[in-house]
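What follows is a single structure, written as structure tokens, with notes after it.
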Amino acid sequence: MPFATSDSSPKMLATVQSADGSQSQLRALFEVWKADGSSRAWYAASPDGACGADNAARTASTSVLPEQMNYRMRVKTQAYYMTHRGVSGVLDSSWSSWCYFRVDTKSPPSPVVSSGPPWPR
């Protein structure tokens, strides 16, 4: 059973880290797919423009996702580098494993409370 959220624009969270523990400039790349893998529903980089510090939390709120549907999310780290010769580029980690969730905005019915005869003793 996937995790359920009542937020139709859930916030994604990941902590990015460099493999060697250096003070690399990193960002998280998030993607959300329909659970059946038929299409990607959302994609974002955090931070959006430049990369940030190593070992820091990255967040991004999805666009509004259709309700009453199952999704899967994954994330990877992207590292910015520059060589001593001034050549720059990015290196990507592999993708994380999938995390499944459901956007479910329908509340369960309210409980019904009634009185009845006292319980037998």
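The values are calculated or read from the model by the stated rules, or taken from the named source; none is laboratory data. Every value quoted in this text rests on a predicted model; they were computed, and no experiment measured them. So basically every Cβ, Gly included, is an ideal-geometry build from the backbone, and we count neighbours across all protein chains shown. Surface accessibility is based on the protein's heavy atoms, side chains included, excluding ligands, DNA and RNA. Shrake-Rupley method; radii C 1.70, N 1.55, O 1.52, S 1.80 Å.
Brief remarks on what is shown
- Solvent-accessible area, 1.4 Å probe, carbon plus sulfur percent, for the chain: 54 percent
- Counting 0.36 nm for each residue step from Ala4 to Ser115 and taking away their Cα separation leaves a gain of 36.7 nm.
- Under Karplus coefficients 6.51, -1.76 and 1.60, residue-wise ³J(HN,Hα) of the stretch 77-83 in Hz, glycine/proline x: 9, 10, 10, 8, 9, 9, 7
- Over the chain, the fraction of Cα-Cα pairs per 10 Å bin, rounded to whole percents and listed from the shortest bin up, is 12, 34, 23, 14, 8, 5, 3, 1, 0.
- Note on Asp20 and Trp98: with the Förster distance fixed at 35 Å, the Cβ-Cβ geometry gives a FRET efficiency of about 0.85.
- Cα-centre dipole for the chain with unit charges at Cβ (Lys and Arg positive, Asp and Glu negative), debye to 20: 220 debye
- Cβ-defined net charge surrounding Ser8, 15 Å radius [Lys, Arg +1; Asp, Glu -1]: +1
- With protein chains left intact and a 1.4 Å probe, residues in the chain average 69 Å² of accessible area per residue.
- Accessible-area order (highest first, 1.4 angstrom probe) of the listed residues Arg85, Arg58: Arg85, Arg58
- Relative contact order for the stretch 40-114: 29 percent, from Cα pairs under 8 Å spaced at least 6 residues apart, divided by residue count.
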